Amino acid sequence: LVYMDYNATTPCDRDVVNEMLPYFTQMYGNAASIHYDLGWYSKTAVDNARKQVANLINADQLEIIFTSGATEGNNLAIRGVYEACKSKGNHLITCKTEHKATLDTLEHLQRIGANVTFLDVDDRGMINLDELGKTINKETILVCLMYANNETGVIHPFAEIGELCKKNKIMFMCDATQAVGKVPIDVKNSLVDILTFSAHKMYGPKGVGAVFIKDGHKTDIMPQITGGGHENGMRSGTLNVPAIVGFGKAAENAMKELESNANSKLVPLRNQLEDFLIGLGEVKLNGGNVKRLPHVTNISFFNIDGKRLLKSLNKFLAVSSGSACSSASLDTSHVLKAMGISSETAQSTIRFSIGKYTTEDDIDFAINKIKGILASLRPMNTKT
Ligand code: PLP
């Protein structure tokens, strides 16, 4: 099986695992029990990981809060701002193609009294900045717009959104789960106030993530998990030291790879696959005419039974239809729906997301398998 679902999750790097291992059996102290060496080792390891994670996005270490992942990060940011800033206003803005961790959280707030605007996107998956500007009003407290979409890889105009929010004195929260470690992100030189991300999308372990909260903004966010006051009171609970250590190492690796531009090797591989698929005809590339992540291609196949296509592909290729993170079933993807794609077409839409372990042989293998599968499922199509 060739793995082409790196947006769902990535394998852990070997050196990440090696770095984590001693913290399970040898250096197992509680990072909050610093009166003896064992606890101190853990605290030092967490401090080091915090620096590594902060470096990756050019943040200060004190601006990083460790969480259990981006779902928790989005919940902390959105619920936290709503609770802390209620007296300033009751309006929050997002768009229809955000991850469910954002949409469900905002829908919950809507049910308990918040006024939430879900902006439309165009057929490329882009928001309209003028519309965003017009939607902002005196009651607006938060704009939640992701950096890059998990299904299509489409990149939002991050800098422009930040400027609009700054101009209107509104907080800007960005779910950058699919972008951190893939494209350079510099929070110091941008206007984002809160940024969430996750280790398992960048060759780190599952179940650990981080929220960047710009210095001075902690009082604008109400903690959602209360208790022992860990993470500066922003997220209580004994720290998952091995996972945090692994996250740190993964961030350090990602930083090196960003600097060496290792990700640029993904573009030719992605393009090779994409060009082949487009050349087949009876397909459509979704989100093709805008800035996109270097490793994602989202393709609708026409005149084919989507369920059979995915089932056949999955014998050889780990790829997903819609968002693997939120749909175990073949529900119509809300992202594709918002882009105006019919539910029938959405069912036969496949997301290919490659990563640093993808080889040219993998692409050739995928191309051959796809060719065969399309020929058998579309017997009348002479092109395949
Ligand atoms: N946000 C985006 C854009 C994602 O792609 C994902 C996971 O797929 C999440 C949030 C949730 O992340 P986690 O699995 O760390 O909770």
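The values are calculated or read from the model by the stated rules, or taken from the named source; none is laboratory data. None of the values given here were measured: they were computed from a predicted structure. Note: ideal-geometry Cβ built from the backbone for every residue, glycine included; neighbour counts use all protein chains shown.
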Any chance region 279-288 includes a residue that's among the basic types (Lys, Arg), in a helix (DSSP H, G or I) and more than 16 Å from the ligand (Cβ to nearest atom)? no
With respect to Ala243, is the statement that it is modelled with pLDDT under 95 and aliphatic (A, V, I, L, M) true? no
Looking at region 85-96, can you tell me whether even one residue there is assigned to a helix (DSSP H, G or I), modelled with pLDDT of 95 or more and within 16 Å of the ligand (Cβ to nearest atom)? no
Search result, residues across region 162-174 that are touching a residue at least 24 places away in the same chain (Cβ under 8 Å) and out of contact with any Phe, Trp or Tyr (no Cβ under 7 Å at 6 or more places or on another chain): Glu163, Leu164, Lys166, Asn168, Ile170, Met171, Phe172, Met173
Is at least one residue of region 191-205 more than 16 Å from the ligand (Cβ to nearest atom) and either touching a Lys or Arg at 6+ places or on another chain (Cβ under 6 Å) or on the phi < 0 side of the Ramachandran plot (or both)? yes
So is Val183 more than 14 Å from the ligand (Cβ to nearest atom), over 27 Å from Ile34 (Cβ atoms) and of a type in the set (A, V, I, L, M, F, W, C) or not? no
Say whether the condition of being surrounded by 21 or more Cβ atoms within 10 Å (Cβ to Cβ), farther than 17 Å from Gly125 by Cβ and out of contact with any strand residue (DSSP E or B) (no Cβ under 6 Å at 6 or more places or on another chain) is met by at least one residue in region 275-296. no
Within region 218-238, is even one residue surrounded by fewer than 19 Cβ atoms within 10 Å (Cβ to Cβ) and in a strand (DSSP E or B)? no
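Residue-wise test of (1) surrounded by 20 or more Cβ atoms within 10 Å (Cβ to Cβ); (2) under 27 Å from Tyr203 (Cβ atoms).
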| residue | (1), (2) |
| --- | --- |
| Met255 | no, yes |
| Glu259 | no, yes |
| Phe302 | no, no |
| Phe316 | no, yes |
| Val319 | yes, yes |
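Every residue, every condition in (1) within 18 Å of Lys51 (Cβ to Cβ); (2) in the same structural domain as Gly29 (by TED's automatic domain parsing); (3) among the small types (Gly, Ala, Ser), yes or no:
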residue: Asp193; (1), (2), (3): no, yes, no
residue: His200; (1), (2), (3): no, yes, no
residue: Asn240; (1), (2), (3): yes, yes, no
residue: Pro268; (1), (2), (3): no, no, no
Give just the number: which of (1) farther than 18 Å from Leu239 by Cβ; (2) among the hydrophobic types (A, V, I, L, M, F, W, C); (3) surrounded by fewer than 22 Cβ atoms within 10 Å (Cβ to Cβ); (4) within 19 Å of the chain's Cα centre (by Cα) does Ala54 not satisfy? (1)
Filter region 337-356 down to residues that are part of a loop (DSSP other than H, G, I, E, B) and of a type outside the set (Ser, Thr, Tyr) and give me whichever is nearest to Val319 (Cα to Cα). Ile354
Restrict the check to region 29-37 and report whether at least one residue is among the hydroxyl-bearing types (Ser, Thr, Tyr) and either more than 20 Å from Leu191 (Cα to Cα) or surrounded by fewer than 21 Cβ atoms within 10 Å (Cβ to Cβ) (or both). yes
Take the conditions part of a strand (DSSP E or B) and either crowded, with 20+ Cβ neighbours inside 10 Å or free of Cβ contacts under 8 Å to residues at least 24 places away in the same chain (or both) and apply them to Ala210. Does it pass? yes
Of all the residues that make up region 97-125, how many are in a loop (DSSP other than H, G, I, E, B), within 16 Å of the ligand (Cβ to nearest atom) and not polar (S, T, N, Q)? 4
Residue tally, condition crowded, with 20+ Cβ neighbours inside 10 Å and either within 18 Å of Asn150 (Cβ to Cβ) or more than 21 Å from the chain's Cα centre (by Cα) (or both), over region 91-108: 10
Which of the residues belonging to region 114-161 are touching a Pro at 6+ places or on another chain (Cβ under 9 Å) and either in contact (Cβ under 8 Å) with a residue 60 or more places away in the chain or farther than 26 Å from Val267 by Cα (or both)? Met126, Leu129, Gly153
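Okay, residues lined up against (1) out of contact with any helix residue (DSSP H, G or I) (no Cβ under 6 Å at 6 or more places or on another chain); (2) within 16 Å of the ligand (Cβ to nearest atom); (3) outside the structural domain of Gly113 (by TED's automatic domain parsing); (4) of a type in the set (D, E, K, R):
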{"site": "Phe24", "(1), (2), (3), (4)": "no, no, no, no"}
{"site": "Arg50", "(1), (2), (3), (4)": "no, no, no, yes"}
{"site": "Leu62", "(1), (2), (3), (4)": "yes, no, no, no"}
{"site": "Gly69", "(1), (2), (3), (4)": "yes, yes, no, no"}
{"site": "Asn75", "(1), (2), (3), (4)": "no, yes, no, no"}
